[in-house]
Each structure stands twice: as structure tokens, then as C-alpha cells.
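The values are calculated or read from the model by the stated rules, or taken from the named source; none is laboratory data. Only a predicted model underlies this, so the values are computations on that prediction, with no experimental measurement involved. Because the Cβ atoms are built from the backbone with ideal geometry, glycine has one as well, and the counts that use them run over all protein chains shown. Only protein heavy atoms, including side chains, enter the accessible area calculation; ligands, DNA and RNA are left aside. Shrake-Rupley method; radii C 1.70, N 1.55, O 1.52, S 1.80 Å.
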Amino acid sequence: SSYETLLVEQRGAVTLITLNRPKALNALNSQVLSELLDVMRAFDADPSQGCAVLTGSEKAFAAGADIKEMQAQGFADMYGHDFFAGWDAFTRTRKPIIAAVSGYALGGGCEVAMMCDFILAADTAKFGQPEIKLGVSPGMGGSQRLTRAVGKAKAMEMCLTGRMMDAAEAERAGLVSRILPAAELVEEAVQTAATIAAMPPLAVKANKEMVNVAFETTLAQGVQFERRLFHALFGTEDQKEGMTAFVEKRPGNWTGR
Ligand code: HXC
């Protein structure tokens, strides 16, 4: 697998994807999107892989969508081609993706981090939606996902002023699950991903799916969705194995069936 804008590495059952356009602070252009979708398709289809980590450089997870690519575009180009719609496919990945964010996660960078299933942040991480300074707005879900993640007050202030949140504020606000020393970020993210990849695969998909449903539905419907999927897991071999292993005080041995 040779990509121009990504480094892809399998570490056991973990796919580590590193955004690699250092000269543009990992700005997300069409090539990054198409290469990333390619990687995610292969990852989702590969039974040897259980969880992915998406990271950038120490300085920047990603400093946004590529401004130089968008600069000359007009309404007909953007609307006509539904620019950014391709990212929806990224969010349809069924296995979990952890964003490991060091340095800048701005604009589209912040939005892609939020498309992942959770964010681990280095103490150097900075999150922002500065698009307003360019005369535009978030365009890859930021106004929606940031608002759901941190609430209206912070999301509105960040979108209207372009102010960045540091890692501590992002953790307090619930945007990130944990803060790690920058030097340990990627290793710790890979470890966390390995923990997930060692879980029963059908249960992993089900847990991801039901947490995501919380953002799409009412409480009553979400609780029912959860319960039905929970019932369905009792049709799996791994449920029998997991509960038997617990009773026999031994680790489970998963088949993914
Ligand atoms: C294209 C970018 C870029 C971007 C940085 N670069 N961000 N190129 N698109 N989003 C390029 C710079 O042009 C420069 O290239 C090189 O990366 C290094 O950046 P510097 O600005 O020199 O670095 P520094 O001074 O350290 O400042 C870092 C920074 C700043 C604060 C992150 O780069 C910055 O503000 N970037 C833009 C952040 C932003 O507005 N993001 C939102 C994008 S819009 P050269 O060739 O000059 O060396 C977006 C929209 C989504 O995401 C949806 C709606 C449009």
C-alpha cells in the first residue's frame, strides 16, 4: 500500500494511519480524502484488523481543509459537486477509529477528529473552527458535532470567534476522552486500540453502532435500539464463550461469530 498523503501501518490488529502532508500541516485535500476512504474500506473488510488509529504530526493533526484547493471555487463548483460529501463514507466505517490529536486540529481537522469514535488528545492539542475568518463556516459537520460534543455555548463561541480550545478545556468540555503527554500519545492510542481490537468483534460493532444512535434519535427509540441489538448478541457464539469464560475464570477466545 503506497499512498502519497498517508502512512499506513498494521500493528497487530491495529491499523495506524498517519496523515502525512507535513508542508501543508496535513491540510485535507481531495487526495487525502480518497486515499483515506481507500484505507478505511480495506480496514473494515480485513478480519485481521479490529480498530484504527488516525493521527497526524506532533505539530498538527490537520490544520483544516485545504484552503488552496478551495480558494478559487465558486458556489456552482462546491454545491454542484457536493464538496465534502465524500466524508460521509468515512463515518460509515463500522469498526472503531480513534483520533490521536497532537497540535492543531482546526476546521476540517477538528471535524475529522470528531468523525472518529473518540479523541485522545496530547497536552499540546488545540481545537478550533476558524472558518469564519475565511468568510465561510464549518462544512464537514463541525457546527453539528461540536455542538453535540461541548454544548451550544462553547460551540457557538468557537464558531463565531474562531477561538481555539486547548487540551484541558477540550477535556473539561467533553470533546476528548483523555489527555496524554505528547510523547506518549501515539503509543497509548495504539494500546487503547489494541484493547478494543481484542474484544469480541461483533460486540465491538454493536457497541459502536448503539452509541452513535444516541446522536440520531429520541431516548425511547435509542433505548429500544440498544435493547434489540443486545438481544441479538445472544445469537452469537462469542456471547456463549464470553459468559462461559467468565464463569470458568479464564480469558475469552473469540471467533467473531
Ligand atoms: C492549506 C495550509 C493550511 C490549510 C496551513 N497550511 N493550513 N494550507 N490549507 N488549511 C500551509 C500554510 O499555507 C503553509 O504553507 C504551511 O501550511 C505552514 O503553515 P503556517 O501558517 O506557515 O504555519 P504556522 O505559522 O505555524 O501557523 C499554523 C496555523 C496556520 C495557525 C495552523 O497555518 C493556520 O491558521 N492555518 C489555517 C487554519 C484554518 O483556517 N483552518 C480552517 C481551514 S477551512 P506555505 O506553502 O506557505 O509554507 C476548513 C473548512 C472546512 O477547514 C469547511 C468549510 C470551508
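What the table shows:
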{"item": "Every pair of residues 6+ apart whose Cβ atoms lie under 7 Å, when the first sits in segment 36-53 and is open to solvent by 20 Å² or more (accessible area, probe 1.4 Å) while the second is among the β-branched types (Val, Ile, Thr)", "result": "44/93"}
{"item": "Some residue of segment 176-183 being assigned to a helix (DSSP H, G or I), within 27 Å of residue 66 (Cα to Cα) and open to solvent by less than 60 Å² (accessible area, probe 1.4 Å)", "result": "yes"}
{"item": "Members of segment 118-148 that are within 14 Å of residue 177 (Cα to Cα) and surrounded by fewer than 20 Cβ atoms within 10 Å (Cβ to Cβ)", "result": "118, 123"}
{"item": "Lone unmet requirement of (1) more than 16 Å from the ligand (Cβ to nearest atom); (2) open to solvent by 10 Å² or more (accessible area, probe 1.4 Å); (3) under 25 Å from residue 211 (Cα atoms) for residue 157", "result": "(3)"}
{"item": "Within segment 212-257, tally of residues that are on the phi > 0 side of the Ramachandran plot and of a type in the set (Lys, Arg)", "result": "1"}
{"item": "Candidate set: segment 226-237, residues that are open to solvent by less than 70 Å² (accessible area, probe 1.4 Å) and either in a helix (DSSP H, G or I) or among the aliphatic types (A, V, I, L, M) (or both); chosen: the one nearest to residue 144 (Cα to Cα)", "result": "229"}
{"item": "Qualifying positions in segment 14-44 - more than 16 Å from the ligand (Cβ to nearest atom), hydrophobic (A, V, I, L, M, F, W, C) and farther than 17 Å from residue 117 by Cα", "result": "42"}
{"item": "Cβ pairs under 7 Å, 6+ apart, first in segment 220-244 and touching a residue at least 24 places away in the same chain (Cβ under 8 Å), second of a type in the set (Val, Ile, Thr) and surrounded by fewer than 14 Cβ atoms within 10 Å (Cβ to Cβ)", "result": "238/255"}
{"item": "Residue among 205, 249, 240 that alone is open to solvent by 40 Å² or more (accessible area, probe 1.4 Å), under 21 Å from residue 99 (Cα atoms) and of a type in the set (Lys, Arg)", "result": "205"}
{"item": "Some residue of segment 72-88 being in contact with a Pro (Cβ under 7 Å, 6 or more places away or on another chain), at pLDDT 95 or above and either open to solvent by less than 10 Å² (accessible area, probe 1.4 Å) or away from the ligand (no atom under 15 Å from the Cβ) (or both)", "result": "no"}
{"item": "Any pair with Cβ under 8 angstrom, 6 or more apart, that starts in segment 137-157 at a residue that is part of a helix (DSSP H, G or I) and ends at one that is open to solvent by 80 Å² or more (accessible area, probe 1.4 Å) and more than 9 Å from the ligand (Cβ to nearest atom)", "result": "147/156; 148/215"}
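Condition check ((1) aliphatic (A, V, I, L, M); (2) within 16 Å of the ligand (Cβ to nearest atom)) across all residues:
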{"residue": "164", "(1), (2)": "yes, yes"}
{"residue": "181", "(1), (2)": "no, no"}
{"residue": "196", "(1), (2)": "yes, no"}
{"residue": "217", "(1), (2)": "no, no"}
{"residue": "240", "(1), (2)": "no, no"}
